[in-house]
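Chemist: Submitted below is the structure of interest, expressed as structure tokens.
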Amino acid sequence: MEKFIKNTFYSTSIAFLVLTAVSCKDSKKETEKIQPNTFAGTWIAKDFIDNIIIDNGIQTIHNGVTEIIVPENLKDSITFINEDLEKSNYLASFKNDTLVNHLYETKTQKAVIQDGNLILLPLDERYHSQEYVKADSSLVKKAKETNVTVLRLLINKALSDNIYSTKSSKTEIKFTEDGKVDGLANFKSYYISINGDSADTRGITAINFTTVDGSDQKLGIEFQKDKVELYDLVLLTKSDEKPSYRKGKLLYSLRIIKPKK
């Protein structure tokens, strides 16, 4: 009888330990499954979030990567966007509380979350860390609907949030968030440059208009308190050199008549 009780006790204990181990393992899997990815989302360079417009113009690029898109599932690659120039995708993984981006071969770049913002750590001593702010979900949704990047949407909103007119005409001039224009000369679309050769203008932001007949016209744009001004651009370089421009004469003065609803 005593032997039977001991055997029963040992069997029950082993079964309990096995069940406990399985239960803990399943619980761990469940925890891993539901653990939120705090990096997931669209992150915008903090410089642009703080100040899109500086000295009457749109900020130009200094840090390189302007937008980072981290998916919920890291099996999908992370997207790095350098506005106006390039878009790259890289595999990534987690190491403790750090996001590790596998750029190429053995080269990696790490990112951490600090005070709710994403900090992209420098590749080496030549660079500085970069700070990114998480974009609101409604902004991300709007960018997808208009088929532009979130940063491009923010840039365009600096112009598209208002309705304009000129002194000589009562025609309403409207700019859309996806880069279309209505009511201004024979222009049908616009693109504000913040990076690369197209943004090489001295003391003014470059904006390129496409006309209804398909030709391009590059102008300079300045944002004032109650108006937007468009200027001719004067080429400063020779034909065989990288183009650089300065502000020329005023072509259009667009008065803000009301905010767009």
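The values are calculated or read from the model by the stated rules, or taken from the named source; none is laboratory data. Not measured: the values here are computed from a predicted model. Glycine gets a Cβ as well: all are built from the backbone with ideal geometry, and neighbour counts include every protein chain shown.
Chemist: Could you run through the stretch 202-236 and say how many residues are touching an Asp or Glu at 6+ places or on another chain (Cβ under 9 Å), closer than 20 Å to D84 by Cβ and either of a type in the set (V, I, T) or not assigned by TED's automatic domain parsing to the domain that holds L251 (or both)?
Modeler: So the count comes out to 4.
Chemist: Looking at V140 and the list (1) in a strand (DSSP E or B); (2) of a type in the set (A, V, I, L, M, F, W, C); (3) under 17 Å from the mean Cα position of the chain (by Cα); (4) closer than 20 Å to N37 by Cα, which single condition is not satisfied?
Modeler: In the conditions (1) in a strand (DSSP E or B); (2) of a type in the set (A, V, I, L, M, F, W, C); (3) under 17 Å from the mean Cα position of the chain (by Cα); (4) closer than 20 Å to N37 by Cα, V140 misses (1) alone.
Chemist: While we're on this one: Which pairs have Cβ atoms under 7 Å, sit 6 or more apart or on different chains, and link a residue in the stretch 189-211 that is closer than 18 Å to N156 by Cβ to one that is β-branched (V, I, T) and not in a strand (DSSP E or B)?
Modeler: Short answer, once both residue conditions are applied: I192/I155; I194/T60; I194/I61; I194/I155; N195/T60; N195/I61; A199/T60.
Chemist: Tell me which residues, restricted to the stretch 138-173, are in contact (Cβ under 8 Å) with a residue 40 or more places away in the chain and β-branched (V, I, T).
Modeler: The answer is V140, T149, V150, I155, I163, T166, I173.
Chemist: From (1) surrounded by fewer than 16 Cβ atoms within 10 Å (Cβ to Cβ); (2) in contact (Cβ under 8 Å) with a residue 40 or more places away in the chain; (3) under 20 Å from I53 (Cβ atoms), pick out the condition that doesn't hold for L250.
Modeler: Of the numbered conditions (1) surrounded by fewer than 16 Cβ atoms within 10 Å (Cβ to Cβ); (2) in contact (Cβ under 8 Å) with a residue 40 or more places away in the chain; (3) under 20 Å from I53 (Cβ atoms), the odd one out for L250 is (2).
Chemist: Restricting to the stretch 84-107, name every residue that is under 30 Å from E222 (Cβ atoms) and either of a type in the set (A, V, I, L, M, F, W, C) or out of contact with any Gly (no Cβ under 9 Å at 6 or more places or on another chain) (or both).
Modeler: Initial filter on the stretch 84-107 (under 30 Å from E222 (Cβ atoms)): 84-87.
Answer for the stretch 84-107, where residues must be under 30 Å from E222 (Cβ atoms) and either of a type in the set (A, V, I, L, M, F, W, C) or out of contact with any Gly (no Cβ under 9 Å at 6 or more places or on another chain) (or both): L85, E86, K87.
Chemist: Could I ask something else about it? Scan the stretch 172-220 residue by residue and report those that are hydroxyl-bearing (S, T, Y) and either in a loop (DSSP other than H, G, I, E, B) or more than 22 Å from the chain's Cα centre (by Cα) (or both). I'd like the intermediate steps shown before the answer.
Modeler: Pass one, the stretch 172-220, residues hydroxyl-bearing (S, T, Y): 176, 189-191, 193, 198, 201, 205, 210-211, 215.
Matches in the stretch 172-220: T176, T201, T210, T211, S215.
Chemist: Which of the residues belonging to the stretch 80-133 are touching a residue at least 24 places away in the same chain (Cβ under 8 Å) and either over 23 Å from I49 (Cα atoms) or polar (S, T, N, Q) (or both)?
Modeler: Within the stretch 80-133, N82, N117, Q130 meet the criteria.
Chemist: On to the next question. Would you check which residues across the stretch 48-89 are modelled with pLDDT of 85 or more, in contact with an Asp or Glu (Cβ under 8 Å, 6 or more places away or on another chain) and not in a strand (DSSP E or B) and list them?
Modeler: Matches in the stretch 48-89: N56, T66, E83.
Chemist: Name the residue, out of S193, S244, that is touching a Ser or Thr at 6+ places or on another chain (Cβ under 7 Å) and on the phi < 0 side of the Ramachandran plot.
Modeler: S244
Chemist: Oh, and also: So which residues in the stretch 153-171 are surrounded by 14 or more Cβ atoms within 10 Å (Cβ to Cβ) and more than 21 Å from A40 (Cβ to Cβ), if there are any at all?
Modeler: I155, N156, K157, A158, L159, S160, N162, I163, Y164, S165, T166 - these are the residues of the stretch 153-171 that are surrounded by 14 or more Cβ atoms within 10 Å (Cβ to Cβ) and more than 21 Å from A40 (Cβ to Cβ).
Chemist: Identify all residues within the stretch 63-117 that are closer than 14 Å to E131 by Cβ and hydrophobic (A, V, I, L, M, F, W, C); write none if there are none.
Modeler: Within the stretch 63-117, V65, I68, A111, V112, I113 meet the criteria.
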